[in-house]
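Step one of this worksheet: look at the structure below.
The values are calculated or read from the model by the stated rules, or taken from the named source; none is laboratory data. The model shown is predicted, which means the values in this text are computed figures rather than measured ones. All Cβ positions, glycine included, derive from the backbone under ideal geometry; neighbour counts span all protein chains shown. SASA here: full protein model, heavy atoms, side chains in, ligands and nucleic acids out. Shrake-Rupley method; radii C 1.70, N 1.55, O 1.52, S 1.80 Å.
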Amino acid sequence: MQAPIFSFLIGQPVGISLTNGQGTSGVLCGTSGEKLLVIEYMYQAQFALKQYDFYMIQDINAFPPCQNTQPLY
């Protein structure tokens, strides 16, 4: 996997499928060497910058837009 493939997603919320069957989501911050940098929400007001090796990533998808902007009541 090469960085330019998903460079248009930098700064956007993404969902990431990992090769081990797990997944995660966060804001794609960029790349560093052979790693993808993602900021993820932990709890309360805490976030963590996590690094994922390219070989661990199966797929990256941008979040879809919200479909309904009307109040739900």
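Annotations
- So residue 28, is it assigned to a strand (DSSP E or B), surrounded by 12 or more Cβ atoms within 10 Å (Cβ to Cβ) and either modelled with pLDDT of 95 or more or aliphatic (A, V, I, L, M) (or both): yes
- Any hit, the stretch 43-52, residues being touching a residue at least 24 places away in the same chain (Cβ under 8 Å) and either polar (S, T, N, Q) or open to solvent by 90 Å² or more (accessible area, probe 1.4 Å) (or both): no
- Residue within the stretch 33-40 that is at negative phi, within 12 Å of the chain's Cα centre (by Cα), surrounded by 12 or more Cβ atoms within 10 Å (Cβ to Cβ) and acidic (Asp, Glu) present: yes
- Only one of the numbered conditions (1) loosely packed, with under 10 Cβ neighbours inside 10 Å; (2) without any contact (Cβ under 8 Å) to a residue 24 or more places away in the chain; (3) not hydrophobic (A, V, I, L, M, F, W, C) is violated by residue 20, and that is (2).
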